[in-house]
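Colleague: The structure that follows is given in the form of structure tokens.
The values are calculated or read from the model by the stated rules, or taken from the named source; none is laboratory data. Here the structure is a predicted model, which means the values were calculated and not measured. Virtual Cβ from ideal backbone geometry, glycine too; neighbours counted across all protein chains shown. Surface accessibility is based on the protein's heavy atoms, side chains included, excluding ligands, DNA and RNA. Shrake-Rupley method; radii C 1.70, N 1.55, O 1.52, S 1.80 Å.
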Amino acid sequence: TEPLAPAMPFNSAKQASSVLKTDAGKKIAFLLKPCEKRALVELEKLCQCSLDNALVITADCGGRFENSTYLDLIDGQPDLAQSLLEKNSSPEQLSPSCTVCTQFTDEGSDIHINLFGCSNDALLVSQTEKGNAALKNLDCDSAAVPDARADQVARIQEERQQNLARMTEDVLAR
């Protein structure tokens with residue numbers, strides 16, 4: 001299984017909230033797309049789970065394909081997730097909501113995996129005290145964010161905002 005696969009067979013936030021409904025007595029780590037993390041936070045606000053024992057890890061998201069499209073594409077391109085992150089653009093086959101998403105990175109999770117603007121490396125960045133403690137337990141330091149990241153994120157956000165403007169025009173023209 002590919003943890004960063006550009007697919008979403010189910011909503012991981014719902015799965016995480018099911019696990020976090022009761023106190024398991026130990027910390028549990030979850031790797032979520034930024035949109036799933038936002039959904040999990042909303043579920044916590046609705047008292048459907050508690051994040052006290054959760055270590056929430058997010059990663060930059062290049063978007064997702066509809067499941068059937070992903071299965072068709074992955075046969076011919078086993079490194080689809082890496083390819084999507086390297087292209088810095090949204091392929092036409094992406095889910096329409098992903099082509100207009102400007103929140104494809106996260107600043108509120110315990111640990112965020114920076115993929116954009118980081119050459120071929122993924123950088124772990126601690127964003128909370130829980131994240132600091134987790135990285136320390138792994139004998140790993142939080143990475144410094146490279147300067148190239150801001151430029152790449154800004155380019156992707158601009159493209160997604162343009163996609164949203166086109167989508168809005170199309171809807172209003174109907």
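Colleague: Expressed as a whole percentage, what fraction of the accessible surface of the range 114-174 belongs to carbon and sulfur atoms when a 1.4 Å probe is rolled over the protein heavy atoms?
Modeller: For the range 114-174, the apolar C and S fraction of the accessible surface comes to 50 percent.
Colleague: Using a basic spin-label model with each label point 7 Å from the Cα along Cα→Cβ, how many nm lie between residue 157 and residue 52?
Modeller: Taking the simple label geometry, residue 157 and residue 52 are separated by 3.5 nm.
Colleague: Now for a different question. I'm a student and want to see the number: the projected area of the Cα convex hull of the range 1-60, averaged over all directions, in nm². Mind dumping the intermediate values first?
Modeller: Values: hull surface 16.2 nm².
The Cα convex hull of the range 1-60, projected and averaged over all directions, gives 4.0 nm².
Colleague: Listed highest first by mean packing, meaning other Cβ atoms within 10 Å per residue, what order do 166-172, 98-104 come in? Please list the in-between numbers first.
Modeller: Values: 166-172: 10.0, 98-104: 18.7.
Put in order of decreasing packing, that is 98-104, 166-172.
Colleague: So, one more: Would you please give the residues with an amide H less than 5 Å from that of residue 55, counting only those at least 5 places away or on a separate chain, with H modeled from the backbone geometry?
Modeller: 28, 29, 30
Colleague: Also, I was wondering about something else. Once both labels are modelled 7 Å past Cα along the beta-carbon direction, what's the residue 67-residue 11 spacing in nm?
Modeller: Using points 7 Å along Cα→Cβ, the separation is 1.5 nm.
Colleague: Next question, about the same structure. For the chain, what log10 I(q)/I(0) values come out of the Debye formula at q = 0.12 1/Å, with one point per alpha carbon and no solvent?
Modeller: Treating every Cα as an identical point scatterer, log10 I(q)/I(0) equals -0.61.
Colleague: Same structure, new question: With a probe of 1.4 Å, find how much accessible area the range 28-157 has per residue, and write the answer as a whole number in Å². Don't skip to the answer; put the middle values down first.
Modeller: Values: 6920 Å² over 130 residues.
With all protein chains present, the range 28-157 gives 53 Å² per residue.
Colleague: Averaging over every viewing direction, what projected area does the convex hull of the Cα atoms of the range 117-174 cover, in nm²? Show your work: numbers first, answer last.
Modeller: Values: hull surface 23.9 nm².
Across all orientations, the range 117-174 yields a mean hull projection of 6.0 nm².
Colleague: Pick out, from 167, 104, 17, the residue whose Cα sits farthest towards the positive end of the charge dipole of the chain, with +1 on the Cβ of Lys and Arg and -1 on the Cβ of Asp and Glu.
Modeller: Towards the positive end, the residue furthest out is 17.
Colleague: Of 74, 113, 57, which has the largest mean-square fluctuation in a 10 Å C-alpha GNM of the chain?
Modeller: The residue with the greatest mean-square fluctuation here is 74.
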